[in-house]
Structure formats: C-alpha cells, structure tokens
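Engineer: Following this message is one structure expressed as structure tokens.
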Amino acid sequence: MSLNYKKIAKSIIDAVGKENISSAEFCATRLRLIVNNRENINDSDIKNIDGVKGVLFNSGQYQIILGTGVVNKVYNELSKLLNNEESVNKYDFKRIIRMFSDIFVPIMPVIIASGLFIGFKNILINERILVFFNLKLSDAAAFSDILTKTVFIFLPALICWSAFKVFGGSPIIGIVLGLIIVSLSNIVSLHDINKNCVLPALVSGIIGSKLELKIRNIIPNIIDILATPFLTLLIMSLLSFFIIIPVFSIAEKYIIIVLNLFLSLPFGIGGFIFAFGIIFMVINGVHHIINFLEISLLAATSLNPINPLISVANLSAGAVCLAITLKTNRKSIKSIGYNASLSACLGITESAIFGVNIRYGIRPIICGAIAAGISGIFVRIFNLQAAANGVTGIPAALLYIYDSKQFFVYISTAIVTVILSFIITWFFGVPKEYMQED
C-alpha cells in the first residue's frame with residue numbers, strides 16, 4: 001500500500017506541535033526534529049502514525065524512524081507545512097529576489113574570511129615574520145594563496161550546497177555537483193568557469209535540487225538511496241556540461257561587463273546612481289540581488305566595487321537617524337534612535353530606516369540618498385574596491401587593509417559621508433512631525 005506522505009507529515013506536526021518544532025532535518029532513515037519541549041510529545045501518538053517505524057530522543061533531537069526513501073518525502077511535505085509554502089510558493093519578483101539572499105547569505109562568512117586573509121597577506125610574507133618562523137618566501141606565498149583563493153576555487157560547491165539546502169534537496173548531493181562543476185573547468189577551455197562560475201552553479205543547484213525531488217517521487221523506496229543520487233548527478237553533470245555552463249557562464253560574463261561599464265561612467269555618475277538607489281531597494285525588499293552581483297565580481301576579479309557604495313548608503317542611513325534623534329522632541333524616537341544609528345553604521349539598517357527615518361515621511365530618506373550618492377561619486381573616482389562582501393559600514397574597513405591607499409580613502413569617505421548626511425538632514429530633512437511631542 002502506498003503511503004500518503006503529506007498525511008504523515010501533517011500527523012507528525014499535529015502530534016509534536018507546530019510551535020514545538022524549532023527545526024527539522026533528515027538523514028538516510030530518520031526525520032530529526034529539534035523540539036522546544038520534549039515532555040509535550042506522546043511517543044505512542046507518533047508510533048501510531050502510518051509509516052513510522054519507531055522513535056527515539058538523542059542529543060537534543062527527537063528522531064522519527066521512517067526508512068530509506070520515505071524519510072525524504074515526508075521531510076519535503078513537512079517543510080512545506082511548517083513554512084506554509086502553499087501561501088508563499090507564488091514566485092513573485094520579491095520572492096525570487098529573496099531567494100538570492102537565502103542561497104548566498106550562508107556562504108558569506110567564508111568569503112569575508114578570504115577577504116580578511118587578502119588584507120593580512122602582506123603580514124604573512126613580511127620578511128621579519130618569515131625569519132622568525134624560518135620560512136621561505138615561496139612557502140609563505142603559497143600558503144597565503146591557499147588561504148585567499150580556496151573559497152573562490154570551490155565556490156560552485158558552496159553555491160550548489162546552499163541551493164540544494166534552500167530548495168529541499170540533499171546538501172551532500174549539491175556539494176558533489178558543485179565539485180563536478182569545478183572539475184569541468186579543467187577540461188572545458190572554451191569557458192572560463194573559474195571567473196564566471198556563480199550563475200552556472202546557482203542554476204545547476206536550483207535545477208538539480210528540483211530534479212532530485214522529482215526523481216525521489218518516482219523511484220521505489222527500496223532503491224532510492226542508490227538510484228536518486230546516481231541519476232541526479234548523472235543528469236545534472238551532462239546538463240551542466242552541455243547547456244548550463246556554456247550558456248550561463250557567458251551570460252554572467254556579460255552581466256559583469258555591463259555592471260563594470262555602468263560603474264565606470266564618467267565623473268562617478270554610476271556611483272551616484274547606485275549609492276542613491278540602494279536605500280530604495282532596501283525599502284522595497286529587492287536589495288538581496290546585490291549579493292549575487294558582488295560574489296560574481298569577486299569570483300571574476302577578486303575585488304568588489306559595490307561594497308563601498310553599499311557602505312556609504314548604510315553609513316548615511318545611520319547619520320540621518322542620528323540627526324533626527326538629536327533634533328526630535330519625540331521620546332519614542334529618542335528611545336530607539338541612538339541604537340538604530342549605531343546599528344546602521346555597523347551594517348544593519350532596518351531599524352534605522354523603518355523605525356526612525358521613514359516614520360513620518362520620505363524626506364529624510366531623500367536627504368540620506370543624496371548624501372550617499374555624492375559619496376558614491378568619490379567612491380568611483382578613487383576606484384574603491386573591497387576584498388570581500390557581506391560586511392559594510394564601520395566593520396567594512398577591514399576589507400580595505402590589503403592596500404594602504406584604499407584603507408585611507410575608505411576611512412575618509414566614511415567620515416565625509418556621515419558628516420554630510422547629518423548636516424543635510426539636520427537642516428533640510430526633519431519633517432515637522434518629528435518636532436511634536438508624543
């Protein structure tokens with residue numbers, strides 16, 4: 001008798017309690033739930049669910065034994081129910097943009113680490129350091145190359161892993177598929193995959209995860225653990241080799257070309273437009289696509305000209321918030337304004353933007369955008385470029401220590417941005433509503 005996987009998932013949620021489930025994952029045979037309160041679960045209720053072979057609680061996990069092939073399908077249905085996918089599965093524009101964040105945010109920490117390694121590269125090959133540790137220059141240079149380049153060499157594996165995880169596939173299959181894409185770069189000389197690997201890996205990861213789920217639905221459970229990974233990797237390897245890599249590596253190449261041409265517009269105009277517009281992208285929730293652009297640029301050139309533009313926009317939002325906080329008569333604004341200002345300068349702008357800056361009109365946002373745009377001009381004139389992405393505002397200074405001139409210009413631009421944003425807002429950007437008392 002065939003099992004109703006959706007019914008099983010719903011029964012598990014009912015028995016465990018939706019609010020009691022903190023997170024869910026699965027292995028070869030078991031559904032693993034992190035629960036808030038173990039005592040609220042009646043094991044007998046779980047065991048009586050059709051398809052459940054047993055339960056146990058170990059290492060903080062409530063594990064439900066379902067068997068090979070079954071567990072994957074129950075997990076997919078359970079994920080949909082937990083995330084209310086019926087209501088969010090409409091692939092509108094914002095939903096698609098949000099997808100970029102879900103995929104790229106988990107890999108940002110290692111990219112940031114690589115950027116910091118680039119910054120400290122000069123220390124690693126410093127003559128005094130080499131003498132102290134009795135190292136050769138060639139050995140130190142090779143070691144620093146490993147630290148700075150490994151993430152970008154294996155970037156397709158990280159992207160595919162994250163895409164499989166986001167879309168409900170098996171992350172381990174995603175890693176292997178990404179490594180296959182890396183390996184293809186050694187035999188495909190026509191396409192420079194190492195420089196244009198982000199979009200092919202993203203597309204392969206999304207299609208591959210969907211394909212895996214489709215295959216699992218038609219493969220008999222008894223051979224699922226063998227057949228599904230084999231067929232998924234075989235089909236996706238061929239599809240990637242013949243279609244995805246040739247098409248999307250070229251597409252990514254031209255995206256980068258167009259982006260660089262835009263940023264290279266004379267007199268820093270591209271920098272003004274980009275920095276001016278970032279705040280409005282944040283307000284409308286479509287700024288996550290910038291992650292893809294930044295990582296593509298880093299993979300292609302090892303440098304990121306977008307980061308300083310985002311940084312001046314975030315610093316501007318913090319300075320606008322501070323000006324309003326100091327000038328307003330509303331205690332409700334003052335109570336959150338100082339922390340929100342600092343948060344924005346550290347790179348987290350939501351509390352400043354939505355809690356203060358846009359609370360009584362768009363005028364403060366316009367003032368901040370103008371100041372950010374002016375700073376964006378200088379960013380492009382001085383060709384500021386970060387060594388990574390994911391960190392903005394004050395902490396982003398670490399991404400420019402790879403070059404003393406870049407570091408000095410970034411610090412100078414950041415200071416000018418804060419002062420300019422504060423002054424413009426103080427004199428022109430505080431609506432009268434802020435001057436009223438609560």
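Engineer: Determine the dipole magnitude for the range 1-70: charges of +1 sit on the beta-carbon of Lys and Arg, -1 on that of Asp and Glu, nothing else is charged, the reference point is the Cα centre, and the result goes in debye to the nearest 20.
Structural biologist: 200 debye
Engineer: Now for a separate question. Residue by residue through the range 235-243, what is 3J(HN,Hα) from phi via Karplus (6.51 cos²θ - 1.76 cosθ + 1.60, θ = phi - 60°)? Round to whole Hz and write x for glycine and proline.
Structural biologist: Computed from phi, the couplings for the range 235-243 are 5, 5, 5, 5, 5, 5, 5, 8, 10 Hz.
Engineer: Could you order peptides 33-40, 382-389, 402-409 by the average number of other Cβ atoms within 10 Å of their residues, highest first?
Structural biologist: Averaged packing, sorted descending, gives the order 382-389, 402-409, 33-40.
Engineer: Can you list the residues, at least 5 places off or on another chain, whose amide H is less than 5 Å from the amide H of Val35, using H built in the peptide plane?
Structural biologist: Amide H to amide H, under 5 Å and 5 or more residues apart or across chains, Val35 pairs with Ser22, Tyr62.
Engineer: First compute the accessible area of the chain with a 1.4 Å probe, then give the percent of it belonging to carbon and sulfur atoms.
Structural biologist: 66 percent
Engineer: Something else about it: How big is the shadow of the Cα convex hull of the chain, averaged over all directions, in nm²?
Structural biologist: For the Cα atoms of the chain, the hull's average projected area reads 26.4 nm².
Engineer: Using a 1.4 Å probe, what is the accessible area per residue for the chain, in Å²?
Structural biologist: Each residue of the chain exposes 48 Å² on average to a 1.4 Å probe.
Engineer: How large is the helix-only mean residue ellipticity at 222 nm for the chain, computed as the sum of -39500 (n - 2.57) over DSSP H runs with n ≥ 4, divided by its residue count, in deg cm²/dmol to the nearest 500?
Structural biologist: So the helix-based figure for the chain works out to -20000 deg cm²/dmol.
Engineer: Shifting gears a bit: Enumerate the lysines that Lys253 could reach by cross-link, defined here as Cα to Cα under 21 Å, with residues fewer than 8 away along the same chain left out.
Structural biologist: Partners within reach: Lys149, Lys195.
Engineer: Within 10 Å, count the other beta carbons around each residue, average over each peptide in 290-302, 273-285, and list them highest first.
Structural biologist: With the highest mean Cβ count within 10 Å placed first, the list reads 290-302, 273-285.
The values are calculated or read from the model by the stated rules, or taken from the named source; none is laboratory data. Please read all numbers here as calculations on a predicted model, not as lab measurements. Positions of Cβ are generated from backbone atoms using ideal geometry, with glycine treated the same way; all protein chains shown enter the neighbour counts. Remember, those area values only see protein heavy atoms, side chains included, never the ligands or the DNA or RNA. Shrake-Rupley method; radii C 1.70, N 1.55, O 1.52, S 1.80 Å.
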